[in-house]
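The values are calculated or read from the model by the stated rules, or taken from the named source; none is laboratory data. None of these values were measured; they are calculated from a predicted model. Every residue, glycine among them, receives a Cβ derived from its backbone with ideal geometry; neighbour counts consider all protein chains shown. Keep in mind that these areas ignore ligands, DNA and RNA; they rest on the heavy atoms of the full protein, side chains included. Shrake-Rupley method; radii C 1.70, N 1.55, O 1.52, S 1.80 Å.
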Amino acid sequence: MSNVLLETKKVVKRFGGLVAVNKMDVVIEQGSICSIIGPNGAGKTTFFNTLTGIYKPEEGEIVFDGHHTIGLRPDQITDLHIARTFQNIRLFGSMTVLENIMVGMHTRLKQSGVDALLRTRKFREEEKKAFAKATELMEYVGLHGVGDELARNLPYGGQRRIEVARALASQPKLLLLDEPTAGMNPNETEDAIRLFRRVRDDLGITILLIEHDMRVVMGISERITVMDYGEKIAEGLPAEIRANKRVIEAYLGRGAATEIIA
Amino acid sequence: MIAKLKTTLGSLGEWINRGKVPYILSITGLVLSTVWVYFSPRSLPAFLFFLAMAGMIYYFKIKPVAKLILGLVVALIVVPIIGARNIFYLEVLFQIGVFAALALGLNIVVGFTGLLNLGYVAFYAVGAYLWAFFGSKQIFLLHEIPGTAPQGTPFLLPGDMFYLFIMLGIIVAAVTGLLLGLPVLRVRGDYLAIVTLGFGEVIRQLANNLDKPLNFTNGPQGITPIQKPTLPGGVMDAFNVILTPIVGQPVTEGQFYNILFYFIALLVAALVIFVTLRLDDSKIGRAWTAIREDEMAAVAMGIPAVKLKLAAFAVGASFAGAMGVVMAASRTFVSPESFTFMQSIGVLTMVILGGIGSIPGVVLGAAVVVVLNLQVLQEVSLYLSQLRQSDSVIPIINFAWKNLSNQLDPAKYQRLLFGLILILMMIYRPAGLIPAARRKRELKAAAVPDADNGTQEAADE
Amino acid sequence: MRRIYESTVLRELLRPLGQIAIFVTATGAIFSVAMLLLALLFRGSAADRLLQENNHINIFAFTLTNLPQVLVDGVTLGFVYAAIALGYTMVYGVLEFINFAHSEIFAIGAFVGVEVLIALEGAGQLSSIPIWLAYVFLALAVIAGMAAAGGMAMLVEATAYRPLRNAPRLVPLISAIGVSFFLQDAIRFTESITTGQFHRIIPTFGNFDQRVSLVKLPLAGVVTDINIQIKSIVVIAAAVLMLVGLNYLVNATKVGKAIRAVAQDRPTASLMGINVNLIISLTFLVGGALGGAAGVLYALKFTRIDPFVGFFPGIKAFTAAVLGGIGNLTGALLGGIVLGMLESFAGAYLSAFTMGAAGAEYKDILAFAILILVLIFRPSGLLGEQVGQKA
């Protein structure tokens, strides 16, 4: 078990009386592609937000790459090499595509305000490298010649890709993708799946994704965690999940499981 | 109809900027306008034409070196000559410089980072009162009632210290910005606007009321006299040796101070533009814009939002602090009246009018508002007061100009002007006269001939 | 008995009256006790000695004898602030937008009301009239002020805010600041063009300036006559009437239900067949009318008005709204009363307690300090609920 990248122990997040995330235990191994699935309102995105520091859990422990992350600010967590995308795309609309990607490098750039004012050699070289890297990442996610376009002028699929490129720019060890193929047509979805595989295979980045689309989940995940009402109700290989009675009930209601299995 | 007009103007714009045409146009324009102003030094249209021509240097597609040379010639040679003929023009240009720097400072906070600061003028006040206190006799008057300075009280510091205090103004204002920012930056957008408004008013009221128990600010009467910077020996004489043959008479010391302050304002404003440009094109500037666009996404990308917002507050404040010191020295007088909420809104109006987040836009906005304020409104006021003194009557309604109230003086209606500009810009052109353009980086894009595309697109949004 | 309580109409009329009574008594009591304790603490201090030297009264007696008047002033001011605060809070509740121009809507109400009275005076209608007629004229002025202010608020919404409803948050706010400035000078212009003066003074008429003696109390050995100006009573009564009326409108009528629905969820309200634009207009009309009435009452109380008269009351009323919990009508009432008390207490005692180093002129700073502190530490206000950040 030395290659565990992320482990959460009994993480609880409450909003007033509502328990949005209840005692979540998740173990993500280095280099794997895992998914969290579950019906709407199951607490998946809230769980993501506790991982990235947007919410502070009331109880539990989160250990990422040897660091306890609870209580750290989101930017500090990003600095530890966790990156994410958002369910509803959140690009910096009136910045260009390349600028968006360069914002992702913020924690990795070492320039200071003084460097920027004096245009030191360090600054110029770093900016040049950052620019080259951003261009490379843009092309890596499959976009060409749109570097100077404003992000909001790109079509939907392109915006999703930039979000991935922007996240990759922060050199993550763990990439959290929140419904990355929502709203895509089957072709685009295929491309996206291929991209995620490449990210893991070429760059060795561990991926944890939330997804509704079962084709994506089953096609890409090595392990699946199922959430319902804030709790983990099942965990296992795709085939195991497919046959799990509780999972089917959670999705389709009680009684449905027997019908489907029958 | 409007579209047709746009294309006509567009092709005209293209023709103007092709080949040698812009060189010929800019040089002839500048020479003509200079000659016009020189021979009719009191003509408003002449001066406006001159300003427009000077501004056009920025737009003409000529070599950067040529732009720089033209700009320097205008700023360093032509303006002082014109100014020596009519000192009022220097006042206008001085104020444009001061307000351009202020507006650029506010632009960092409002335009880049998206934080609406309605108490910005407080930082300006901090700089002004800094020099007003240390560069005057006030420290010896702490136990005096306002307005009762004994004869022969000495100044605390010599005028040389003014130059040091510009630096100190930057530091003290930046620290004030940090101190304000630390508690308030947690507050959400529209609340932040009101909190900063409150902060601005608190500073003004403190300036108004800190004449007791110890008389720090001299209360509503304000502090005067304040030291002017000491002139390096012989500079004025040298200046007169060059200028007298051109203008026809030597400048007095008072006039020379106007020229000097114009140069100081120009220098500080240039520095401010330089700093703004360089910060904007760095990871700091990108982070500011990212926070403006979507704070949560920015934070998730690893940007420490609070730290960067504080930086924006401090940098913005420091510009105002420096100009506060300059203003206090040039007026030799500082009072709470100069730091009202209306002043803050005036600076905001410049930013909004010119183009939020756009450096050339903000400078243009400052120029337009200052010229409107100082010249156009004043000019109309002057015209009206002449009418008031005449016997003329509006024919049909039979209204004698004599009966026109003093209160209807257009110069007194700045609020109307600012208000109208803000409303109309928000509704019809929220990006401003010169919308901010994103920097083009991609190598391929550089090969595309029409580099103005970005501006055009942003304008159409 | 039970049936009476179950009737919505009565409940919605009685509940705010109860709240008003509780808020006024509680705030007054807390402030009084705190002030008296502070006075005890200051006994023997330099401030005490100075007071004995100059006014031959010790600091505790000074505090106690002034207290009734300070309380009355505080309540009067508090109701004025509450009435203005309702306008901010209603609009914020529905649109999540700070109507920065509300302070000028208030000023327009004040000017129209005062102009009506000036016109009546000019026509010789205000001198030696029976008391009841004076009240009728005042009511007329208030109604005129309400109509003008309400109408102007609707006009402003339709022209300067509605086109920006879906723009980023700061855009309509900047437009509202523009409207505020524009209206200040527009008022100035209209008033100047007729008379050459831009300030107005409310005519003296009726018995509003007289004082009624409430009770004579032996306080600290001195028999103190506690009295109140009739105009203060009028201001309080009118404000209470408006607060109760508004509460009834919002909580017990169909229109009120529609307003609450739009505030909750605009798209859904629209799907339910509510004309959202109409309801928003109506919100501005009602909020503006209340502000206008507050303006006339303010003019009655403080006699002199100018085009910039709205700025400070506006900021303070906004502070009151935030203090109480913006979007919450009861909160605006509570915030107004607290702020009115605070200002009245500061105005009366600050100078004596600091030996003249800081006097009534710091009451504005105090209001801003409260605003800043509340926004930083409890942005949801005294009565608001803490809401989690949305992801």
Does A:GLU179 meet the test of being under 17 Å from the mean Cα position of the chain (by Cα) and either among the polar types (S, T, N, Q) or at pLDDT below 95 (or both)?
-> yes
Within the range A:147-177, which residues are farther than 23 Å from A:ILE33 by Cα and open to solvent by 30 Å² or more (accessible area, probe 1.4 Å)?
-> A:GLU149, A:ARG152, A:ASN153, A:PRO155, A:TYR156
In the range B:406-432, what count of residues is obtained for those that are within 8 Å of chain C (Cβ to nearest Cβ), assigned to a helix (DSSP H, G or I) and among the aromatic types (Phe, Trp, Tyr)?
-> 1
For the range B:139-157, state whether one or more residues are on the phi > 0 side of the Ramachandran plot and either out of contact with any helix residue (DSSP H, G or I) (no Cβ under 9 Å at 6 or more places or on another chain) or not assigned by TED's automatic domain parsing to the domain that holds B:LYS228 (or both).
-> yes
Among the residues of the range A:126-138, the number that are within 11 Å of chain B (Cβ to nearest Cβ) and surrounded by fewer than 17 Cβ atoms within 10 Å (Cβ to Cβ) is 2
Taking helices (runs of 4 or more DSSP H) that do not extend beyond the range C:1-80, which have at least 1 residues that are within 19 Å of the chain's Cα centre (by Cα), touching a residue at least 24 places away in the same chain (Cβ under 8 Å) and on the phi < 0 side of the Ramachandran plot?
-> C:8-41
Scan the range C:324-346 for residues that are more than 21 Å from C:GLY291 (Cβ to Cβ) and within 14 Å of chain B (Cβ to nearest Cβ) and jot them down.
-> C:ALA346
Does the range B:160-182 contain any residue that is surrounded by 14 or more Cβ atoms within 10 Å (Cβ to Cβ) and outside any helix (DSSP H, G or I)?
-> no
For the range C:291-312, how many residues are over 18 Å from C:ASP209 (Cα atoms), part of a helix (DSSP H, G or I) and open to solvent by 10 Å² or more (accessible area, probe 1.4 Å)?
-> 2
Failed criterion for C:VAL33 (all others in (1) buried (at least 18 other Cβ atoms within 10 Å of the Cβ); (2) under 17 Å from C:LEU219 (Cβ atoms); (3) hydrophobic (A, V, I, L, M, F, W, C) hold) | (1)
Quick one: count up the residues across the range A:111-125 that are more than 14 Å from B:ALA287 (Cβ to Cβ), open to solvent by 10 Å² or more (accessible area, probe 1.4 Å) and either within 8 Å of another protein chain (Cβ to nearest Cβ) or not hydrophobic (A, V, I, L, M, F, W, C) (or both).
-> 8
Determine if the range B:168-177 includes at least one residue that is of a type in the set (Val, Ile, Thr), modelled with pLDDT of 90 or more and within 30 Å of C:TYR88 (Cβ to Cβ).
-> yes
Picked from the range C:82-112 (must be open to solvent by 10 Å² or more (accessible area, probe 1.4 Å) and among the hydroxyl-bearing types (Ser, Thr, Tyr)), the residue farthest from C:ALA263 (Cα to Cα) is C:TYR88
Taking the range C:157-178 on its own, how many of its residues are in a helix (DSSP H, G or I), touching a Gly at 6+ places or on another chain (Cβ under 8 Å) and open to solvent by 10 Å² or more (accessible area, probe 1.4 Å)?
-> 1
Matching residues, the range A:96-110, being surrounded by 18 or more Cβ atoms within 10 Å (Cβ to Cβ) and touching a residue at least 60 places away in the same chain (Cβ under 8 Å) | A:VAL97, A:ASN100, A:ILE101, A:MET102, A:VAL103, A:GLY104, A:MET105, A:HIS106, A:THR107
Modelled with pLDDT under 95 and buried (at least 19 other Cβ atoms within 10 Å of the Cβ), is that true of C:ALA261?
-> no
Any chance the range B:208-215 includes a residue that's within 14 Å of chain A (Cβ to nearest Cβ), open to solvent by less than 50 Å² (accessible area, probe 1.4 Å) and either at pLDDT 90 or above or farther than 28 Å from B:PHE333 by Cβ (or both)?
-> no
Could you say whether any residue in the range C:313-334 is farther than 26 Å from C:LEU17 by Cα and not aliphatic (A, V, I, L, M)?
-> no
Condition broken by A:LEU203, with the remaining ones in (1) open to solvent by 20 Å² or more (accessible area, probe 1.4 Å); (2) over 14 Å from the mean Cα position of the chain (by Cα); (3) over 29 Å from A:ASN3 (Cβ atoms) satisfied | (3)
Scan of the range B:13-63 for residues that are open to solvent by 90 Å² or more (accessible area, probe 1.4 Å) and β-branched (Val, Ile, Thr), ordered by number | B:ILE24
Members of the range C:238-257 found to be surrounded by 18 or more Cβ atoms within 10 Å (Cβ to Cβ) and closer than 18 Å to C:ILE143 by Cα, listed by number = C:ALA238, C:ALA239, C:VAL240, C:MET242, C:LEU243, C:VAL244, C:LEU246
Would it be correct to say that C:VAL171 is farther than 24 Å from B:GLY189 by Cα and either modelled with pLDDT under 95 or away from chain B (no Cβ under 13 Å) (or both)?
-> no
Of these, C:ILE376, C:ILE372, C:ILE305, which one is touching a residue at least 40 places away in the same chain (Cβ under 8 Å) and either β-branched (Val, Ile, Thr) or out of contact with any helix residue (DSSP H, G or I) (no Cβ under 7 Å at 6 or more places or on another chain) (or both)?
-> C:ILE305
Test: residue in the range B:44-53 that is in the same structural domain as B:GLN205 (by TED's automatic domain parsing) and within 16 Å of the chain's Cα centre (by Cα) = no
Hey, among B:ALA66, B:ALA84, B:ALA125, which residue is assigned to a helix (DSSP H, G or I), over 16 Å from the mean Cα position of the chain (by Cα), buried (at least 24 other Cβ atoms within 10 Å of the Cβ) and more than 14 Å from chain C (Cβ to nearest Cβ)?
-> B:ALA84
Would you point out which residue out of C:PHE181, C:PHE198, C:PHE205 is open to solvent by less than 30 Å² (accessible area, probe 1.4 Å) and in contact (Cβ under 8 Å) with a residue 40 or more places away in the chain?
-> C:PHE205
Given the conditions (1) in contact with a Phe, Trp or Tyr (Cβ under 9 Å, 6 or more places away or on another chain); (2) open to solvent by 30 Å² or more (accessible area, probe 1.4 Å); (3) under 27 Å from B:VAL109 (Cβ atoms); (4) at pLDDT below 90, report the number of the one that B:ASP190 does not fulfil.
-> (2)
Just need a number here: residues in the range B:276-310 that are touching a Leu at 6+ places or on another chain (Cβ under 7 Å), among the small types (Gly, Ala, Ser) and facing chain A (nearest Cβ under 7 Å).
-> 1
